[in-house]
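Taking it in order: structure first as structure tokens, then the write-up.
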Amino acid sequence: MLISAVVPCYNEEKVIALTYKELSAALSDMTGDFEMIFVDDGSRDGTRSILKELAESDAHVKYISFSRNFGKESAMLAGMRYSSGDYTVIMDADLQHPPELIGQMLAYAREGYDQVIAQRNRTGDKKLGSFFARSYYRLVDRLTDVELTDGIGDFRMLSRKALDALLTMNEYNRFSKGLFSWIGFREKIIHYENRSRAAGESKWSFRSLIHYGVDGVLSFNNKPLRFCIFIGAFAIIISLVYLIFLFISIVFKGIDLPGYFTTIFTICLFGGVQLISIGIVGEYVGRIYYEVKRRPHYLVDETNFDNSKENQ
């Protein structure tokens, strides 16, 4: 039995050696062989150098280094493509995903679960951040065609069957949380206490989180497009009500001087509806634009894998 651990990395030189140490210790306690696949997502610090040193000293360490930063989604995809394991665990490089849980995950996976999912609580998180996160998950869960749960992220173990199913989906605009939910199969959720980063700083800015949230909403449904129809209908109803009000006012009070308010109201209302609708349609058209180009998800600059799968 072979266990593969996929670890996306981006500017993690302060923590990557510690991550390797804890992950190696956790995997060494298990029956069977293992490999640790570190995917360097175009880091600008010493992450690649550290990974190369680790690979030279430990045959279990494999690394893939991109030509530039392509994003975590591409890094996870690359790690999954290179994975040869009967079971594959995906985890972050900052040790917020505890390696000691892998043994528990494997036990459930060997019972027949295809996805063993780790769900964290939000102990220690900032209250404002927790509020926005919970609100986001509630919103996305209502809008999308897949089920997303607060506290459940990418930290999970996949059977070979589940992993192969994920690899059949090659869309350019990837949202792995939704893809994990979409494939289904037997799932088991385990819970763990929230942990802070062992070292370094988070690479997620507020802006990148907003973009990621939009990806989640648009990747698995067409409801925003339908929303354009509803908001357009609502705007028409409001306008008709306002016109009826004006007509009644003219009947009983006569015609006033042509109103500035009426003109501005109409322009703003319909202009806003049109801009919102065009923006939503534009998001979907943009995604189609990237999909039809069929560009690779990433470009590999360097790897120590024998059978390279570069530039997929």
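The values are calculated or read from the model by the stated rules, or taken from the named source; none is laboratory data. Everything numeric here is computed off the predicted structure, so don't read it as measured data. All Cβ positions, glycine included, derive from the backbone under ideal geometry; neighbour counts span all protein chains shown.
Of note:
- Condition check for I267: of a type in the set (A, V, I, L, M, F, W, C), under 30 Å from L240 (Cα atoms) and at pLDDT 75 or above: no
- Screening M36, M30, M76 for residues that are in a loop (DSSP other than H, G, I, E, B) and touching a helix residue (DSSP H, G or I) at 6+ places or on another chain (Cβ under 8 Å) leaves exactly one candidate, M30.
- Entry remark, the stretch 150-173: residues being modelled with pLDDT under 80 and either farther than 22 Å from K293 by Cβ or within 12 Å of the chain's Cα centre (by Cα) (or both) number 5 in total.
- Residue list for the stretch 53-68, filter: without any contact (Cβ under 8 Å) to a residue 40 or more places away in the chain and part of a helix (DSSP H, G or I): E53, L54, E56, S57
- Top-ranked residue of the stretch 62-93 - restricted to ones that are in contact with a Phe, Trp or Tyr (Cβ under 7 Å, 6 or more places away or on another chain) and among the hydrophobic types (A, V, I, L, M, F, W, C), ranked as farthest from R156 (Cα to Cα): F66
- Taking each residue of the stretch 78-105 that is over 30 Å from Y172 (Cβ atoms) and looking for partners that are of a type in the set (D, E) and outside any loop (DSSP other than H, G, I, E, B) with beta-carbon atoms closer than 6 Å, six or more apart or interchain, yields P99/E22.
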